[in-house]
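The block underneath contains the structure these notes are about, expressed in structure tokens.
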2 protein chains.
Amino acid sequence: MWSKGPVDLRTYLRTKKAVVDGALETHFPEANGPSSDLINAMEYSLLAGGKRLRPILCMAGAEAVGGNETHVLPVACALELIHTYSLIHDDLPSMDDDDLRRGKPTCHKVFGEAIALLAGDGLLTEAFRLMTTPELSDHVPPHVILKTITLISEAAGYRGMVGGQVVDIQSEGKTLDLSVVEFMHNHKTGALISASVASGAILGGGDESQIKAIISYGRKTGLAFQISDDILDIEGDSATMGKESGSDEKKGKITYPAVIGINRAKEVQSELVEASIECLRVFDHKAEPLRQIARYIVERKK
Amino acid sequence: MWSKGPVDLRTYLRTKKAVVDGALETHFPEANGPSSDLINAMEYSLLAGGKRLRPILCMAGAEAVGGNETHVLPVACALELIHTYSLIHDDLPSMDDDDLRRGKPTCHKVFGEAIALLAGDGLLTEAFRLMTTPELSDHVPPHVILKTITLISEAAGYRGMVGGQVVDIQSEGKTLDLSVVEFMHNHKTGALISASVASGAILGGGDESQIKAIISYGRKTGLAFQISDDILDIEGDSATMGKESGSDEKKGKITYPAVIGINRAKEVQSELVEASIECLRVFDHKAEPLRQIARYIVERKK
């Protein structure tokens, strides 16, 4: 639980990440039997060292409304499974055709395209199984869990992440206006980030007005996060990020800086962070991690 | 509702298919906006004319335990979305590389590989959203819905369909023993077919012993269905099936007839159908459609 007092965000993020990593590392059974390559491929990508931002946001969302962050761990992990599946499919040759992810060969480079495709499918499906685990339903009423599954499936599906991904793929090499870039970012990245923090608030027992405020926070933070990704792709250090910088431009990807310039993109990003923190004004100190995570998003180096 | 009296299976299947088709045709919003190609691709494959066996089994499972088959329609449709996603991904160049499905060009031939991949992802995700729709939760208690989501996600994921798919891909051109072929069929096809009828029985309010019997029925019927698919691939008429016959052999696919011979495969299939009907002995006339569907599976021509 989050205790009153000054927040050391580094410690907070490290502690939460350790909890999530621990749960993810022990999630799948030992890989043996006919489909062992599938389990190895799912684990390879899942345990390749992400920031675990979405699970941490889910837990921080639960804490902000006074809920128990340990109880929401299955959904926090499910969000990371969904995020990982989307990365595996994004990296496939028919999509972004990337060889490196987080400094390691991408799933299809190691296991081949067919197994990578199926590993993504397996992670997405398993995410929904995780949301129905007794470890969650022992603590949270079933109708609240159903509400969360609705939220996450909408955010991850054609109305959200998958819809944004289509626009991303189709936008390569085109000149687009800001509204389409915003649609793409809000759907491709913002929707799942917003659903992560909102699902924590719902499962943690937040009331309607709290959930509404958290969803607004999530949308703005999610968009700021994607803009910072765009900026990092231009200004970031390849070694720190584990992937080549400048790859968006090479691929003809449409980004915020490409459309409005890097200086204006940085301004928009800062405005979004301030506005997202403003959404949390109704919350007390328990929302302090969320406030700091919003600031961290624009200050991070990878 | 199923009424007492002789069952005309043709009428039963046609009526149920019409209900499912009607729901699927109106499910997605009109395709406009930036991600319209995605909606078009999902609908293209979803409405390409399947038998709707899984949705019909779900509704028949509900009827068998005295439940209302209309109430389970969202889950029945969700099962067809999952089945359709699996076909789209199966047909991709990195998997089976098929150009035709149900007599029409496959999704990636029409929309390209990237959109087809994302259409599959979108359908799978939307399936889980459908399972949480108020149209279902207005009639079924939330803890029962959660139980169904667990069942379906296990059957569709790495423990089930996706796991079987990996073995299928890896088995091409190899000599395998019967136990691996059985593992593959039970997982790739049997698991979701079994979950279809079982989810109907659970949502329809079946008790534990009824659900157990229905699950046994589903497992045997599902395996019989896959064996009949293997046999149809050898003996079927290409025009009736909407795909080339003999394609399994050409691809070096491992099938039941390839391992134990076509005559023994037919015997096993008949034994499975009889055993699956035997599982239903505790049920009254309301399970008559399930009994007839089991027989239909070995007699069908496509």
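Rule-based calculations on the coordinates, nothing more; no lab input. Values in this document were obtained by computation on a predicted structure and should not be read as measured data. When we count neighbours, we look across all protein chains shown, and the Cβ atoms used for this are built from the backbone with ideal geometry, even at glycine.
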Report summary line: With the label set 7 Å along Cα→Cβ, A:LEU100 is separated from its counterparts in the other copies, in nm and shortest first, by 4.6
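If you take every residue apart from A:ASP8 with its C-beta less than 11 Å away from the C-beta of A:ASP8, what net charge results, scoring Lys and Arg +1 and Asp and Glu -1? Please list the in-between numbers first.
Working: positive: A:ARG10, A:ARG14; negative: A:GLU288.
Summing Lys/Arg as +1 and Asp/Glu as -1 gives +1.
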**Report entry** Amide H partners (placed H, <5 Å) of A:GLY204, local residues excluded
**Finding:** none
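Counting alpha carbon pairs within less than 8 Å and at least 6 residues apart, what relative contact order, in whole percent, applies to segment A:9-299?
Details: 456 pairs, mean separation 63.9, N = 291.
Here the relative contact order equals 22 percent.
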Query raised in the report: Along the positive direction of the dipole of segment A:5-112 (beta-carbon charges: Lys, Arg +1; Asp, Glu -1; about the Cα centre), which of A:ALA64, A:ALA78, A:GLY103 reaches farthest?
Result: A:ALA64
Query raised in the report: Using θ = phi - 60° and the Karplus curve 6.51 cos²θ - 1.76 cosθ + 1.60, what whole-Hz ³J(HN,Hα) does each residue of segment B:38-49 get, with Gly and Pro shown as x?
Result: 5, 5, 4, 5, 4, 5, 4, 6, 5, 9, 7, x
Report summary line: Label model pair B:ASN68, A:ASN68: point-to-point distance (7 angstrom along the Cα→beta-carbon line) in nm is 3.7
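Can you compute the helix-only [θ] at 222 nm over the protein assembly as shown? Use -39500 (n - 2.57) per DSSP H run of at least 4 residues, normalise by all residues, nearest 500 deg cm²/dmol. Walk me through the numbers before you get to the answer.
Working: 34 runs with 409 residues, N = 604.
So the helix-based figure for the protein assembly as shown works out to -21000 deg cm²/dmol.
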Query raised in the report: Each residue of segment A:274-285 in turn: what ³J(HN,Hα) in whole Hz from Karplus with 6.51, -1.76, 1.60 and θ = phi - 60°, glycine and Pro shown as x?
Result: 4, 5, 5, 5, 4, 4, 8, 4, 6, 9, 8, 4
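If you build the convex hull over the alpha carbons only and average its shadow over all orientations, what do you get for segment A:69-181? Give it in nm² to one decimal.
On the way: hull surface 35.2 nm².
Directional mean of the projected Cα hull area for segment A:69-181 stands at 8.8 nm².
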**Report entry** Cα gyration tensor of segment A:9-299 - equivalent ellipsoid semi-axes, whole Å, descending
**Finding:** 27, 26, 16
Report task. Between A:GLY204, A:GLY236, A:GLY164, find the one with the highest GNM mean-square fluctuation for chain A; connect C-alpha pairs within less than 10 Å. Result -> A:GLY236
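When the dipole is taken about the Cα centre of the protein assembly as shown, and only Lys, Arg (+1) and Asp, Glu (-1) are charged at their Cβ, what size is it in debye, to the nearest 20?
Working: 66 positive and 84 negative charges, 159 e Å.
Computed about the Cα centre, the dipole is about 760 debye.
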Report summary line: Between B:ARG101 and residues 5 or more places away or on another chain, the pairs with built amide H atoms under 5 Å apart involve B:THR106
Query raised in the report: To the nearest 0.05, how large is the calculated FRET efficiency for A:ASP8 and B:SER36 if R₀ is 51 Å and r is the Cβ-Cβ distance?
Result: 0.60
Requested in this report: Find the centroid of the Cα atoms in segment B:164-217 and in segment A:147-226, then give the distance between the two in whole Å.
Outcome: 35
Requested in this report: Can you tell me the order of B:11-22, B:220-231 when each peptide is scored by its average per-residue count of other Cβ atoms within 10 angstrom, highest first?
Outcome: B:220-231, B:11-22
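Enter the mean number of other protein chain beta carbons within 10 Å of the beta carbon of each residue in A:34-45, as an integer.
Working: counts 13, 13, 2, 4, 10, 4, 0, 2, 3, 0, 0, 0.
Partner-chain Cβ atoms within 10 Å, mean over residues of A:34-45: 4.
Quick one: net charge of A:LEU176's neighbours, Cβ under 12 Å, K/R +1, D/E -1? Please report the intermediate quantities before stating the final value.
Working: positive: A:LYS174, A:LYS253; negative: A:ASP168, A:GLU172, A:ASP177, A:GLU182.
Here the count lands on -2.
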Query raised in the report: Among the listed pairs A:LYS147/B:LYS188; B:LYS16/B:LYS220; A:LYS220/A:LYS251; A:LYS51/A:LYS250; A:LYS51/A:LYS212; B:LYS212/B:LYS251, which are separated by more than 28 Å between their Cα atoms?
Result: A:LYS147/B:LYS188; B:LYS212/B:LYS251
Requested in this report: Report, for B:LYS51, each distance to the same residue's label point in the other copies, shortest first and in nm; define the point 7 Å along Cα→Cβ.
Outcome: 5.0
Query - the protein assembly as shown, Cα convex hull volume normalised per residue, Å³ - result: 137
**Report entry** Partners for A:LYS174 among aspartates and glutamates (Cα-Cα distance below 16 Å; same-chain residues under 8 apart left out)
**Finding:** A:ASP96, A:GLU182, A:ASP248, A:GLU249
Query raised in the report: For segment A:1-141, what ratio Rg/Rh do Cα atoms give with a Kirkwood hydrodynamic radius?
Result: 1.01
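Suppose every Lys and Arg Cβ carries +1 and every Asp and Glu Cβ carries -1, with no other charges. What dipole size does chain B come out with about its Cα centre, to the nearest 20 debye? Can you show the working numbers first?
On the way: 33 positive and 42 negative charges, 137 e Å.
Charge dipole, chain B, about its Cα centre: 660 debye, nearest 20.
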Query raised in the report: Label-point separation (nm) for A:HIS285 and A:GLU235, each offset 7 Å from Cα along Cα-to-Cβ?
Result: 3.4
Query raised in the report: Efficiency by 1/(1 + (r/R0)^6): what FRET value for B:GLU172 and A:LEU47, r their Cβ-Cβ distance, R0 = 35 Å, to the nearest 0.05?
Result: 0.75
Report summary line: Label points for B:ASP177 built 7 Å along Cα→Cβ; distances to same position in the other copies, nm, shortest first, come to 6.7
Query - Rounded to whole Hz, the Karplus (6.51, -1.76, 1.60) HN-Hα couplings of segment A:179-186, x for glycine and proline - result: 5, 6, 4, 5, 4, 4, 5, 4
Query raised in the report: Can you tell which of B:GLY261, B:PHE283, B:ALA294 lies farthest toward the positive end of the dipole of segment B:252-297, using +1 and -1 charges on the Cβ of basic and acidic side chains (Lys, Arg; Asp, Glu)?
Result: B:GLY261
